[in-house]
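The values are calculated or read from the model by the stated rules, or taken from the named source; none is laboratory data. Predicted, not measured: the structure shown is a model, and the values here were computed from it. No Cβ is skipped: glycine too gets one built from the backbone with ideal geometry, and neighbour counts run over all protein chains shown. Surface areas here come from the heavy atoms of the whole protein model, side chains and all, with no ligands, DNA or RNA. Shrake-Rupley method; radii C 1.70, N 1.55, O 1.52, S 1.80 Å.
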Number of protein chains: 4
Amino acid sequence: MSGSTYGTIFRITTWGESHGAGVGVVVDGCPAGLSLTEADIQVFLDRRKPGTSRYSTPRKEGDQVEILSGVFEGKTTGTPISLLVRNTSQRSADYSEIASYYRPGHADMTYDMKYGFRDYRGGGRSSGRETIGRVAAGAIAVKILNSLGIQLFTYTRSIGPVKIHPERFQIEETSLNPLCMPDAAAAQEASEYLDGLMKEGDSAGGVIECIIRGMKPGVGDPAFEKLNANLGKAILSIGAVKGFEIGDGFAVARARGSQNNDPYAYTSDGTLEKLANHSGGILGGISDGSDIIFRAAIKPTPSISMEQDTVNKSGENIRVRIKGRHDPIIVPRAVVVVEAMAAITLLDMLFASIPSRMDNLIRFFNK
Amino acid sequence: MSGSTYGTIFRITTWGESHGAGVGVVVDGCPAGLSLTEADIQVFLDRRKPGTSRYSTPRKEGDQVEILSGVFEGKTTGTPISLLVRNTSQRSADYSEIASYYRPGHADMTYDMKYGFRDYRGGGRSSGRETIGRVAAGAIAVKILNSLGIQLFTYTRSIGPVKIHPERFQIEETSLNPLCMPDAAAAQEASEYLDGLMKEGDSAGGVIECIIRGMKPGVGDPAFEKLNANLGKAILSIGAVKGFEIGDGFAVARARGSQNNDPYAYTSDGTLEKLANHSGGILGGISDGSDIIFRAAIKPTPSISMEQDTVNKSGENIRVRIKGRHDPIIVPRAVVVVEAMAAITLLDMLFASIPSRMDNLIRFFNK
Amino acid sequence: MSGSTYGTIFRITTWGESHGAGVGVVVDGCPAGLSLTEADIQVFLDRRKPGTSRYSTPRKEGDQVEILSGVFEGKTTGTPISLLVRNTSQRSADYSEIASYYRPGHADMTYDMKYGFRDYRGGGRSSGRETIGRVAAGAIAVKILNSLGIQLFTYTRSIGPVKIHPERFQIEETSLNPLCMPDAAAAQEASEYLDGLMKEGDSAGGVIECIIRGMKPGVGDPAFEKLNANLGKAILSIGAVKGFEIGDGFAVARARGSQNNDPYAYTSDGTLEKLANHSGGILGGISDGSDIIFRAAIKPTPSISMEQDTVNKSGENIRVRIKGRHDPIIVPRAVVVVEAMAAITLLDMLFASIPSRMDNLIRFFNK
Amino acid sequence: MSGSTYGTIFRITTWGESHGAGVGVVVDGCPAGLSLTEADIQVFLDRRKPGTSRYSTPRKEGDQVEILSGVFEGKTTGTPISLLVRNTSQRSADYSEIASYYRPGHADMTYDMKYGFRDYRGGGRSSGRETIGRVAAGAIAVKILNSLGIQLFTYTRSIGPVKIHPERFQIEETSLNPLCMPDAAAAQEASEYLDGLMKEGDSAGGVIECIIRGMKPGVGDPAFEKLNANLGKAILSIGAVKGFEIGDGFAVARARGSQNNDPYAYTSDGTLEKLANHSGGILGGISDGSDIIFRAAIKPTPSISMEQDTVNKSGENIRVRIKGRHDPIIVPRAVVVVEAMAAITLLDMLFASIPSRMDNLIRFFNK
């Protein structure tokens, strides 16, 4: 099936493997008249670029984006924006051994089962490079959302056992440490934890959190197209994500109704507000205008240099060590991927929400 | 936007409010030649029917399904199956007061924001009755999956602080207690916990777990249409679900790669198997043939008789008690809804996976 | 596959056979706040109702519509509108013989090939009654379009060899004769032509034309979602339609560029206008604000009482006469079906066109 | 809206303008294991390449395709195939004048109305170069169809007043003359007709016909996804197409039922066959296994060097001659575009038809 297109009105189509000619995305449904340059997109790609710290792979991936279409004299034309990132740092030889066995925790076996064979070089389409197209498209979505007054803040909430502490939370800190934690002390602690794992050849997981501020109310639909359902799909479609929760998430299972309900009150100037936000900004699948808050659980990097049990294609049970340098943690580089997918989803649903009321339609068309 | 249709090939469209003429679903894309009677569907509807225990509302909802189309001489014809359940036990008067204020934890406010007004009777489209169509369609999906050798087991994993215990796990027990727990002792304990909450006029949340056995490998797509992403959307589209996790879920955030990777081995008869299933039966978004396992976090019933802060439409901050009898817990009645949405999703993606290989296609068409 | 849902934002799902419990449609994505009663829809259903003249079957089809959901206190709520028309005048016995052979010009054979068997009573899903859901949904679409200043005029342009004459064209005449021709003399002539055919037990085809006035410019997309492409699909999805053309249609094949291009000019008050409309109101797939004009070719009723060659299921070549009274012409009753499908398509694309410009979006959301 | 993606299971996304960096397509949902090289695609691109005769523009468009992803060791991997054709022969200066006025018959005005401005160089996205992506994707679809025993024959049926003659019909002739007519004499006559028009600075239209042989029966759906409806949309989405008809098409409007119905008979070896094919291989929206035949009406090239009335952006009524050399006829180069869109549609619907019967599904999955 066609699984590489996402979105209904603002719609992206990604393509590319880690070892082909390149990776890219076609962004369709972008409104005309948005100022857009390659630099706007490059900023986002640089946030996921490897080789920027000792916790990310030293492979040099230039990841320079080229706009192939859809922009004329610095503005989007309303037609599809095709973005290309050429693959540069490919050493296919590194992967030749992988062809002969299934790496635990990777999609090697399931690709073979589905397609009959696979492009074994660097994981092919299941490579982390698949996310480059998402991030490039997300840069555009974020730019549009910002122009409508909507901001996204995405960061590492925990790495292994190390969590950020609410009292030390500083959103500006996120971009100052390589782990993208908005808490300098937690980042330092997590860094030491990772150093220990690296010595053992092991890897760590973590949790990413995203806060959306300034969201318009009334976005999302009552039944299958709930805003939280679409955010969930978007985030769970990122490789390595094993869990998604919104608002209080799994904690609601142990809460009582009297704790979990968000009371309403009018402020002194007559504004309606919620006195709490356990729901994470969404009720009945529809945004309520308060902050949307969600979290994603990211599994540890499956490529580890510790010895593991697996099988080869000659029918033997073998023990392997995955060679090459790999990130001991996926989380920091996934932060911008989570933000990108959230932005694309929000924008698409924002567009879809426009024709929900006759009065708005009449105002729009009979202007 | 049109948010009431779900699925691409096996596609359902639900409609109806708690206090209109009825609720229903159109099931499109059901293969021809499936034996189907109203009794097949009624069994599933009865699993979500209220009034069957002291933990569910005593409103009498008959919920008798009528097949309006798509079945001829006891077999599906391949054309849309329209299913209708008339609303019977409606006392709109009970809800007249609700029109004047916003119930905390409900979608009253967001509906008003989105649509400009709302059908305030019983929550309208955000009512739990919206799930009747899902369950009716799910009954059909389960029947087809069963005929292909795929089974679903869905049950309550926890209620408030009470969890089922692995050593007492008995799947047959699920249908023997009103809380749908596969552990009689836990069901007893949870029952006492709920009795206490009911005295206080409060409510509880919980976790539902689903195991899919006999799943075909190779189902799901590498990028946006990962099987886990679609299961996540399906489950998160059910009202009251605040979190979704697959396999080890949020626990992966604290795990190490060496613990989280599932090793492979050949059995003595040469069958490839995984020695663990931390991934929950899916790798790279594609089923691997082992059990698929996921969990959903369900929030406490928002309708509680304890006093709560809210606002009315006259601009006043008020305190309210939600009148009427309401379930102190949503979880047991949501079990079959989770199963239905999982089955619909699995079937749709199973169909979508067919054209993934040239050899299969040539075999299929040149039979 | 799921072929019973149409549209992306304004989306309809039809269901039902001629001899099941009923037929119906779910209209999803209808904006909230539209005044809507069953009478609004009944007017359209009555336009396709049989038994109103000697050219349509005397079967009494009551075709009374019931609104099952989505309307509260006389206004649409924004949630799905489910419409039901019970089948009443069913005499299945009339069709028992048809089960044994394939009627020429009908879909009997192709249904058997696709599904392995068929509901042979009255053509099942391929019956003209399948269009009831389309017409009911179209009534809603037309009402919304009208409130935005857009009008549709649909009529019979020709029956067999008899065409309406431009100089006698009177749109009001359309509803005054049973053949829906906006030319009283042509209607009289066509009537005599049909009388002759009926005596022979034969049937006639014809052409339906639709003019859309007041269309907003800028609707439709440059590539696959051209407005004309979607209108074409909508109309060609109506049973018995064998051709579709827009503007000058097939006549362009013999025209020269200098004749076919529509010149532009400013009027004395500075308004931009086209001096001709060979293009039928659409250029590059996008509406230009002038009248949209298209035509559909309708084949003769396949059910004729003349003797025909066919085969039975016992492997014999046989000659048959289709029993029962059938319309000698489909065209007049199809006029409202064409209008309905056009309206649904226009509305859906109108909604889809909203987010095409940043300036409009900023104005809409930052109001 | 996102109008650049087409298809549900076999899905293509095209992008690119005549004067950007290039044009291309992402083909998603291509089955794994298909042999595919750039040469397979180049053959199709060369069929639409300009500059091959005096009836097509002498601009040198190299149109060399590059496969960027989805193919590994000569076989498709099942993941998206990204195809890129760089724009080479761009002389933007030629188009600077066009920026100031609206060319009659082009989409200049409608683009401005929809998007607020336009990429005026060479028509931007409304350029004929938009079809390169379609043709490249079509080459893949045709290759798959061929491997399933399905053949497409597409050719010019008429140019202006010159039609091919049934008695001179030779399908092999199609590739031997630059007008793609399967009738050498008609090609000669049409050639003279075009020479005359070129002297006057005018242009001609025509009709393209496509025959699909070996089509599987049972493909297409009863309601909105009729095979003919989807073919119609596919063909009408090609710029310059103003009409579409299947089988006898518009001629059915003047036919009688007794002439239009296709009788059935068993051949001496018991095979069921139709004794005529007025329906064009489709009944009730479903293929019947006989030849599918459809036609498309193509308008004359709108760019003509004769003087035309139009307006400029300074508010003046002006007269213009479109400079540069343009094809006096679109038809021959559109032949392969029609074939490509037909093939993509057929393949997508063929895939969608697979899960229509329980017996087939059980056979497929329980193999």
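A quick yes/no check of all residues on (1) modelled with pLDDT of 95 or more; (2) more than 12 Å from chain C (Cβ to nearest Cβ):
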site: D:PRO58; (1), (2): no, yes
site: D:GLU61; (1), (2): no, yes
site: D:THR79; (1), (2): yes, yes
site: D:GLN90; (1), (2): no, yes
site: D:SER127; (1), (2): no, no
Among the residues listed as C:VAL135, C:VAL162, C:VAL142, the single one being open to solvent by less than 20 Å² (accessible area, probe 1.4 Å), at pLDDT 95 or above, over 21 Å from C:VAL43 (Cα atoms) and of a type outside the set (Ser, Thr, Tyr): C:VAL162
Qualifying residue in segment B:161-173 (condition: in contact (Cβ under 8 Å) with a residue 60 or more places away in the chain and under 22 Å from the mean Cα position of the chain (by Cα)): no
Tally of residues being open to solvent by less than 10 Å² (accessible area, probe 1.4 Å), at the interface with chain D (Cβ under 10 Å from one of its Cβ atoms) and farther than 19 Å from D:GLY285 by Cα across segment C:1-25: 1
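Would you mind finding the one in B:GLU225, B:GLU209 that is open to solvent by 10 Å² or more (accessible area, probe 1.4 Å), modelled with pLDDT of 95 or more and more than 8 Å from chain A (Cβ to nearest Cβ)?
Working: B:GLU225 fails: more than 8 Å from chain A (Cβ to nearest Cβ).
Exactly one residue qualifies, and that residue is B:GLU209.
Considering each residue of segment A:1-32, count those that are more than 23 Å from D:GLU17 (Cβ to Cβ), in contact (Cβ under 8 Å) with a residue 40 or more places away in the chain and part of a loop (DSSP other than H, G, I, E, B), and give that number. Walk me through it before giving the result.
Initially, segment A:1-32 is screened for residues more than 23 Å from D:GLU17 (Cβ to Cβ), giving A:1-3, A:6, A:8, A:17-20.
Add one more test, that the residue is in contact (Cβ under 8 Å) with a residue 40 or more places away in the chain, and what stays is A:6, A:8, A:17-20.
Now drop any that are not part of a loop (DSSP other than H, G, I, E, B), which leaves A:8, A:17-20.
Residues in segment A:1-32 being more than 23 Å from D:GLU17 (Cβ to Cβ), in contact (Cβ under 8 Å) with a residue 40 or more places away in the chain and part of a loop (DSSP other than H, G, I, E, B): 5 in total.
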Number of the condition not met by A:ASN317 [criteria: (1) surrounded by fewer than 24 Cβ atoms within 10 Å (Cβ to Cβ); (2) of a type outside the set (Phe, Trp, Tyr); (3) at pLDDT below 95]: (3)
Residue match in segment A:339-355 (condition: buried (at least 19 other Cβ atoms within 10 Å of the Cβ), without any contact (Cβ under 8 Å) to a residue 12 or more places away in the chain and within 10 Å of another protein chain (Cβ to nearest Cβ)): yes
All positions within segment A:190-222 that are part of a loop (DSSP other than H, G, I, E, B) and touching a Pro at 6+ places or on another chain (Cβ under 8 Å): A:ASP202, A:SER203, A:GLY205
Evaluation of D:TYR101 against (1) modelled with pLDDT of 95 or more; (2) surrounded by fewer than 22 Cβ atoms within 10 Å (Cβ to Cβ) (one fails), failing number: (1)
So C:ARG168, is it more than 24 Å from C:ALA343 (Cβ to Cβ), touching an Asp or Glu at 6+ places or on another chain (Cβ under 6 Å) and surrounded by fewer than 19 Cβ atoms within 10 Å (Cβ to Cβ): yes
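Residue by residue, here is whether (1) assigned to a helix (DSSP H, G or I); (2) under 20 Å from B:LEU346 (Cβ atoms); (3) in contact (Cβ under 8 Å) with a residue 12 or more places away in the chain holds:
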{"site": "B:GLU97", "(1), (2), (3)": "yes, no, yes"}
{"site": "B:MET113", "(1), (2), (3)": "yes, no, no"}
{"site": "B:THR131", "(1), (2), (3)": "yes, yes, yes"}
{"site": "B:ILE144", "(1), (2), (3)": "yes, yes, yes"}
{"site": "B:ALA186", "(1), (2), (3)": "yes, no, yes"}
Filter result for B:MET109 (in contact with a strand residue (DSSP E or B) (Cβ under 8 Å, 6 or more places away or on another chain), in a helix (DSSP H, G or I) and open to solvent by 30 Å² or more (accessible area, probe 1.4 Å)): no
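Mind checking which residues of segment B:230-254 are among the small types (Gly, Ala, Ser) and in contact with a Lys or Arg (Cβ under 7 Å, 6 or more places away or on another chain)?
Our first condition is that a residue be among the small types (Gly, Ala, Ser); within segment B:230-254, this holds for B:232, B:234, B:237, B:239-240, B:243, B:247, B:249, B:251, B:253.
Those that are among the small types (Gly, Ala, Ser) and in contact with a Lys or Arg (Cβ under 7 Å, 6 or more places away or on another chain): B:GLY232, B:SER237, B:ALA240, B:GLY247, B:GLY249.
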Residue in segment B:289-302 that is farthest from B:PRO217 (Cα to Cα), counting only those that are assigned to a loop (DSSP other than H, G, I, E, B) and open to solvent by 10 Å² or more (accessible area, probe 1.4 Å): B:PRO302
Complete set of residues in segment D:200-243 that are farther than 23 Å from D:ILE164 by Cα, under 15 Å from the mean Cα position of the chain (by Cα) and among the charged types (D, E, K, R): D:LYS233
Scan of segment C:239-274 for residues that are open to solvent by less than 10 Å² (accessible area, probe 1.4 Å) and more than 7 Å from chain D (Cβ to nearest Cβ), ordered by number: C:VAL241
Lone unmet requirement of (1) touching an Asp or Glu at 6+ places or on another chain (Cβ under 8 Å); (2) of a type outside the set (Gly, Ala, Ser); (3) more than 7 Å from chain D (Cβ to nearest Cβ) for C:ASN317: (3)
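Give the residue, chosen from C:PHE117, C:PHE153, that is within 14 Å of chain D (Cβ to nearest Cβ), open to solvent by 20 Å² or more (accessible area, probe 1.4 Å) and not in a helix (DSSP H, G or I).
Working: C:PHE153 fails: within 14 Å of chain D (Cβ to nearest Cβ).
Unique residue meeting the criteria: C:PHE117.
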Residue within segment A:278-288 that is surrounded by fewer than 24 Cβ atoms within 10 Å (Cβ to Cβ), facing chain B (nearest Cβ under 7 Å) and either closer than 30 Å to A:ILE98 by Cα or modelled with pLDDT of 95 or more (or both) present: no
